[in-house]
Amino acid sequence: MIFWRQALEIARVDLMVERRAGETLRIVLPFSVVALMVFPLALDLHLGLVSAVGVGVFWALGILFGMQVALRQSASDTPERRDLHVLAGVEPAARFTGRTLSGGILMTAYLGLMLLVMAILFDPDVPAGGWGVLVVSTILVAVGLTELGTLAGEVTTGLRNRTALASLIVAPLALPLVIGASQSVEALERETGILPWILLLIAGDLALAVAGVALARPLEEAR
Amino acid sequence: MTRVRVLMSLAAVAVLIGLWFALTAPPDALQGEYARLLGIHPPSMWLAFLAFGVTALGSIMWLIKKTDRWDQLASASAEIGVIFTAIGLFTGMVWGQAVWGTPWDWQDPRLMSTAVMFFVYLAYIALRNAIEDPTVRARRSAILGAIAVVQVPLVYFSVNLFRTLHQTQSIRPDGSTMPDEMLTAMLVNLVAFTILFVALLAARLDVAKVEAEARPAAPLAGDAVRPPRLSEVEDV
Amino acid sequence: MENIALLSDTRVTLGGRTVLDHLDLTLTPGDCVGVAGPNGSGKTTLVRTLATLQTISAGQARVLGSDPGDRRLTAVRRQIGLIGHQPSLIPELTLGENLHHLARLGGLGSDRVDNALDVVGLADAADRRAEACSFGMKRRVEIAHVLLIRPRLLLLDEAASGLDEAARELVAAMLRSVRERGGAAVMVSHDRSHLATHCDALFALRSGRLEPVS
C-alpha cells in the first residue's frame, strides 16, 4: 500500500506541475504540429501521397517529439529533492512507477492529439478497423516510450548534455515500438492478423516495466 | 602482454586461413564473386551479437558484484561490438548493392534493426564518455548495457517476423541452404573472428588495467583550495 | 546510551578523489556539533554521509544503529532531518502544496501541515508558488518539514545563511527541540561565530578529517 501511495502521489504532483508549466501541451505539441505541416511542404508531396504517408509521418514525429515529452524538465528532480525523497523512504520502484504513470497519461494525451491533427491535415488512407488499431497502438507506444524516456532520463540525470544524450539513447530503442505499431496497421491491409504486433507492443511495454522496476534501486544509487 | 601477443598471433593466422577459404571457394551461380563477402558479413554480425551479449553479462555482473573488471569487460566488449557491427553493415551494403541492386533497403527490418543496434551501443559509449566519476559511469552504463541487449534477439528474430528481401538464417535446424564450400568458408571465418574478438578483448582489457593503475592515488579534494592572500586583495 | 551516529576511520571517495579520510565522529543524544571548513573541504559530503545518502569507501559508519550500507534503511532515514545547501521545493507548487507533498510521501500527518506552516510564520503565504518566494521563505518551509519529521538526527548544511533574524531564531528553536527530545544535530557552515553560538563542540574539516577547534 505504501508503494502505491507514493507512486500515486508522485504521479499526481507530476501532472499538477505539468498542468501549470504546460511544457507538453503548450510547447511540444504545437512544435510537433508545425513539424507535421513542414513534412509535406518540404517533400512537395501531392495530395494522394500525403494521404499515403500520413500514418508513417505520425509515428515518426510522434516518437521523436514524444521523447521530449518523456524527458520534459518538469519530470526531472534536483539532487536536493531526490535526497529528500530518499530520506522520506520513497521506494525507487515507486518513483519509477509514479513517473511512468504520469508520463504515460501525458504521452497518451500528446500522441492522441497528434493523431487527431494528423487525421485532419493528412486525411490518411486507413483500412477498415484501422482507426481502432491506431488508437490501441498509440496507447501502447505511449506507455513504452514513457518507460524508455523515464529510464533514459534517470541514466542521464545531472549530465550537462542530458537532453541530447537521453534522446540518443531513447531513439534507437524506441524503433521496435514504431515497427510494431506501423506493422499492426499494415497487417490489416495485408489481412495477415494484427495480434502478433499488438502482442509485441504489449510484451515490449511489460519488459520495460519489469526492467524499470528491477533497475530502479541501482538507478537511484547511480547519482 | 604475452597472453595478448599469443592471442593476436593466433587471430592473425586464423583470419588469414579464413580469408584463404573465402577466396578459394567457387563463386556463387547467382551472387558471383560477391558471395565471398558471406565469409565476412555473417561472422561479423554474429560476433557483434556476441560482443553485445558480453556487454550485457558484464553489466549485469557489475550490478551484482560491483568490481571494476566487469565494468571494463562490458565497456571493452561494447567498443569491439560497435566495430564488428560497422563491418557487418558495410559489407552487407556492398553485397546488397551488387546482389540486390541497392545498398540499403528501407523496407528490410533486419537492416534497420541492425543499424538501430549500432546506434544503441554508440549511445552506450557516448554515455560513458559523458560521465567522469568512475563509479557513476560504471553503474549507469551497466544499467543501459543490461537494457540494450534486448536489441540483439530482436535483430535476429526480426527476419522471421517480417516480410523481407534479406535471406532467412543460412543455418537452420533442418540444414543449410548454402553450398558446402561457402558454408565451410563462413564457419571457418566464424571461428577466426571469434579468436579475433577474444584477442581484441584481451588487449583492450589490458589497456584498461594499465589506465586504472596509472591513475594517481586519489588526492584529497580539499587540499586543492588554499586560504586567500587577504593582504594582497587591493593589489589585484 | 546508544550513539546517534558513529563514524570511525571513515573514508569517502567521490569521482576518484578522497573527500573524507580517516574521519572520526561520535554523536550522542543531546549533542550539537559544528563543522567549519573552507570551500571544497568536504562539509556537504560529511552531511550526506551522516544522512546515509553517501556510501563510504572504508572504515565504519553507523547512523541510528544501522549500517548505511544496508539495503533497507527506510526506518532509519525517516528519523533524519536534512536541510541542504539549496532549497528543494518544486517551483510550480505553492509552499503549502510542497509541504503537503513531502508529508504524504513520508507518511507524515497531513493534518499537521497547516499548523507547521503557521508555526514557521508562513500561514498567510501558503498559497504562493515557490518560484515566486524568497530564499528565506523556502527555507522556512524546509524547517516546517523538519518539524513534521521530529528527527533524531538533524543535519544542517549552511541552513542559516541567507536568513533573517527571525528565521535564524527559528533554526535555533528547532535545534533546541531536537536536542531536548534526545536527538543530535550537526551544523555545517562557513560562519564560525554562528556555529559557536549554537554548538557544544566545534570542529574544522581539514584534509578530510575533523580537528577540534577551541
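FYI, it's all coordinate maths here, none of it is from the lab. Fair warning: this is a prediction, and the values are worked out from it, not measured in the lab. Cβ coordinates were reconstructed from backbone atoms using ideal geometry, including for glycine residues, and neighbour counts include every protein chain displayed.
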Original post:
Counting partner chain Cβ atoms within 10 Å of every residue's Cβ in C:31-43, what's the average?
Top reply: 2
Original post:
Under the definition of partner shielding as Cβ atoms of other protein chains within 10 Å of a residue Cβ, what is the mean value for peptide A:59-69?
Top reply: 0
Original post:
Are any of the pairs C:LYS43/C:LYS138; B:LYS65/C:LYS43; B:LYS65/B:LYS209 more than 27 Å apart by Cα-Cα distance, and if so, which?
Top reply: B:LYS65/C:LYS43
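Can you give the helix-only mean residue ellipticity at 222 nm for chain A, where every DSSP H stretch with n ≥ 4 adds -39500 (n - 2.57) and the sum goes over all residues, rounded to the nearest 500 deg cm²/dmol?
After summing the helix terms and dividing by the residues of chain A, the value is -28000 deg cm²/dmol.
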**OP:** Hey, could you get me the Stokes-Einstein D for chain A, Kirkwood radius over alpha-carbon pairs, 37 °C and 0.692 mPa s, rounded to whole µm² s⁻¹?
**Re:** 182 µm²/s
Original post:
For the range C:24-172, what relative contact order do you get, as a whole percent, if you take Cα pairs closer than 8 Å and at least 6 residues apart?
Top reply: 27 percent
Subject >> Neighbourhood net charge (10 Å Cβ-Cβ; Lys/Arg +1, Asp/Glu -1) for B:ALA203 >> reply: +2
Original post:
Taking N as the number of residues in the range B:1-52, what value does Rg over Cα atoms divided by 2.2 N^0.38 Å take?
Top reply: 1.42
Subject >> For C:VAL35, distant residues with modelled amide H under 5 Å away >> reply: C:MET187, C:VAL188, C:SER189, C:PHE203
**OP:** With a 10 Å radius around each residue's Cβ, average the other Cβ atoms per peptide and rank A:12-24, A:84-96, highest first.
**Re:** A:84-96, A:12-24
**OP:** State the percent of C-alpha pairs, over all pairs in the range C:41-99, separated by a distance greater than 13 angstrom.
**Re:** 67 percent
Original post:
Scattering from the C-alpha atoms of the range C:74-214 alone, worked out with Debye: what is log10 I(q)/I(0) at q = 0.12, 0.13, 0.16 1/Å?
Top reply: -0.48, -0.56, -0.84
**OP:** Quick one: among A:GLY66, A:GLY56, A:GLY212, which has the greatest mean-square fluctuation in a GNM of chain A with alpha-carbon springs under 10 angstrom?
**Re:** A:GLY56
Original post:
How much net charge surrounds C:GLY37 when only the other residues with a Cβ under 9 Å from the Cβ of C:GLY37 are counted, with Lys and Arg +1 and Asp and Glu -1?
Top reply: +2
Original post:
Relative contact order for the range C:1-77 using alpha-carbon pairs under 8 Å, separation at least 6, rounded to a whole percent?
Top reply: 37 percent
**OP:** Output the antiparallel fraction of DSSP beta bridges having both residues in the protein assembly as shown, as a percent to the nearest 5.
**Re:** 55 percent
Original post:
When you take every Cα atom in the protein assembly as shown, what is the radius of gyration, and what is Dmax, the widest Cα pair distance, in Å?
Top reply: 29.6, 93
Original post:
Of the GluC sites (Glu not before Pro) in the range A:128-223, which ones lie in a loop per DSSP and count no more than 12 other C-beta atoms within 10 Å?
Top reply: A:GLU191
Original post:
Can you tell me the Rg and the Dmax, both Å, for the Cα atoms in the range C:1-74?
Top reply: 12.1, 37
Subject >> Fraction in percent of alpha-carbon pairs per bin - 10 Å, the range C:92-134 >> reply: 32, 56, 12
**OP:** Go ahead and estimate [θ] at 222 nm for chain C from helices alone: -39,500 (n - 2.57) per DSSP H run with n ≥ 4, summed, over the residue count, rounded to 500.
**Re:** -9000 deg cm²/dmol
**OP:** Place a +1 charge on the Cβ of each Lys and Arg in the range A:1-135 and a -1 charge on the Cβ of each Asp and Glu, then give the dipole magnitude about the Cα centre in debye, rounded to the nearest 20.
**Re:** 380 debye
